[in-house]
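Quick notes on the structure that follows.
The values are calculated or read from the model by the stated rules, or taken from the named source; none is laboratory data. Quick caveat, the model's predicted, so the values are computed rather than measured. Cβ coordinates were reconstructed from backbone atoms using ideal geometry, including for glycine residues, and neighbour counts include every protein chain displayed. Heads up: the accessible areas ignore ligands, DNA and RNA and are worked out on the full protein's heavy atoms, side chains in. Shrake-Rupley method; radii C 1.70, N 1.55, O 1.52, S 1.80 Å.
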Amino acid sequence: MTTISIRDVHADAVEMTLQSLQAYWSQHQHHAVAWSGGKDSTALLTLLIHLIDVGLLPQPDRLHVFYADTRQELPPIQMAAEQIMARLRQRNWITVHVVRAPLDKRFLVYILGRGVPPPNNNTLRWCTRQIKVEPMAQALQGVIEGVEGTALMLTGVRQGESAIRDGRIAMSCSKDGAECGQGWYQQVLPEAKGVRGKIATLAPLLHWRVCTIWDWLKVWAPMPEFGGWPTQILADAYGGDDAKEINARTGCIGCPLASRDAALETIVEMPAWAHLRPLLELKPLYRWMREPKQRLRKAGLERLKSGAIGKNPQRMGPLTLEARETALARILDIQARAQVDLINTEELARIRELIAAKTFPNKWAGDEPRADTWMDSIYSDGSVQPLLFRDLIAPTTVTPDLIRGPASSEQSA
Ligand code: SF4
């Protein structure tokens, strides 16, 4: 029988976490965890359950664990998540909610079927909200709506050493090594329709350092006295024994917003995961899809539904149908070689259906010129800068309509 107690594990960090949980736990009637499957939220989840198991926190009537399945996770992360979910389901006081975006809004269906280009860091970061926030918010709303009392939603957000002991913890979006989507939850969920004012969020690992996270996941959590969690597999996804130093972020495979796919680059060097090497082709493919040649462009100014003129003349928009066909074929080939399931049968059928129906995002008809077409430049005040050397390049030029519209006010590409 071991004499190790939870307080021996990074004593100060765990003690502070416990204090923060004890301070808020009993103020709420419902308890939930937002779990991405990444290292921070997995550390939170497994530690929380251990604290309940050993009686340091009261066992709630029900603990709701919300897992956002984007369908784009790295296989080792997904595998660890499935094993952890199996363990969670052995406890009859825990309900695991696996939440996914509706079919048409899933990452690859939205890109290939509807034609919205892969997200980027500047103007088009639609993904986090659509494939993580909204499905999670809806699931939570379903649980909380109509029941008495308030809910405490725990997140794995970390901000390094700056712990805040008292009062509501202020949180912001994490970067550099953090899991994607950690920062969103606080902003969005409290605004969800029907649950406003009913949810408080708490980040009890706010002060944890990355080494504390790894020591918990690799050393302590797998020990029987701390729950025997299958968390070591997560270390593979983050760089094996060098995980601490690599400090990779995880999220969708080939995430177009990350400068490098460090987690994927690391795991494909391991014999057990070498078959995933074709997935390295996804990131360049997403970059290719954002190029003008693969997209449409507004020819001139746009008249909005309000009657006003849009401020962004000749903006680039959705993917052409041809680019989508090409990208679909490439992704199907990549997933076959990597033996993974990026697009399943249902998603493939829907993508083909949407392409066949010539589906484009709102405000786009599909008859706009390709974005690499030479055109006179039109400025937002309506002035026109004619093309130089028009005669030389005339066969591929378009003389744009000055104003087109009105258009719908819904989301555009
Ligand atoms: S991992 Fe990247 S692509 Fe996936 S939701 Fe996050 S930012 Fe978007």
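Inside the range 73-100, residues that are assigned to a strand (DSSP E or B) and of a type outside the set (Val, Ile, Thr) make up a count of 2.
Taken over the range 79-94, the residue count meeting the criterion of being surrounded by fewer than 14 Cβ atoms within 10 Å (Cβ to Cβ) and of a type in the set (A, V, I, L, M, F, W, C) is 2.
Tallying residues that are buried (at least 19 other Cβ atoms within 10 Å of the Cβ) and under 27 Å from Gln138 (Cβ atoms) within the range 48-67 yields 8.
Residues checked against (1) hydroxyl-bearing (Ser, Thr, Tyr); (2) under 23 Å from the mean Cα position of the chain (by Cα); (3) at positive phi:
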| position | (1), (2), (3) |
| --- | --- |
| His10 | no, no, yes |
| Gln27 | no, no, no |
| Leu45 | no, yes, no |
| His50 | no, no, no |
| Arg62 | no, no, no |
| Arg71 | no, yes, yes |
| Ile94 | no, no, no |
| His97 | no, yes, no |
| Val109 | no, yes, no |
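Within the range 212-258, being at pLDDT below 85, of a type in the set (Val, Ile, Thr) and away from the ligand (no atom under 16 Å from the Cβ) holds for Ile233, Ile246.
For the range 259-270, the set of residues classified as away from the ligand (no atom under 15 Å from the Cβ) and crowded, with 21+ Cβ neighbours inside 10 Å consists of Ile267 only. The lone criterion from (1) within 16 Å of the ligand (Cβ to nearest atom); (2) outside any helix (DSSP H, G or I) left unmet by Gly149 is number (1). Of the numbered criteria (1) open to solvent by less than 60 Å² (accessible area, probe 1.4 Å); (2) over 29 Å from Asp104 (Cα atoms); (3) assigned to a loop (DSSP other than H, G, I, E, B), the one Thr70 fails is (2).
The residue that is least open to solvent (accessible area, probe 1.4 Å), counting only those in the range 324-341 that are outside any helix (DSSP H, G or I) and not acidic (Asp, Glu), is Val340. For the range 358-381, the tally of residues that are at pLDDT 95 or above and open to solvent by 70 Å² or more (accessible area, probe 1.4 Å) stands at 1. Give the range 218-235 a look and list any residue that's within 22 Å of the chain's Cα centre (by Cα), part of a helix (DSSP H, G or I) and in contact (Cβ under 8 Å) with a residue 24 or more places away in the chain, or say none. Within the range 218-235, Ile233, Leu234 qualify. From the list Leu280, Leu285, Leu348, the one residue that fits, being open to solvent by 30 Å² or more (accessible area, probe 1.4 Å), within 16 Å of the ligand (Cβ to nearest atom) and modelled with pLDDT of 95 or more, is Leu280.
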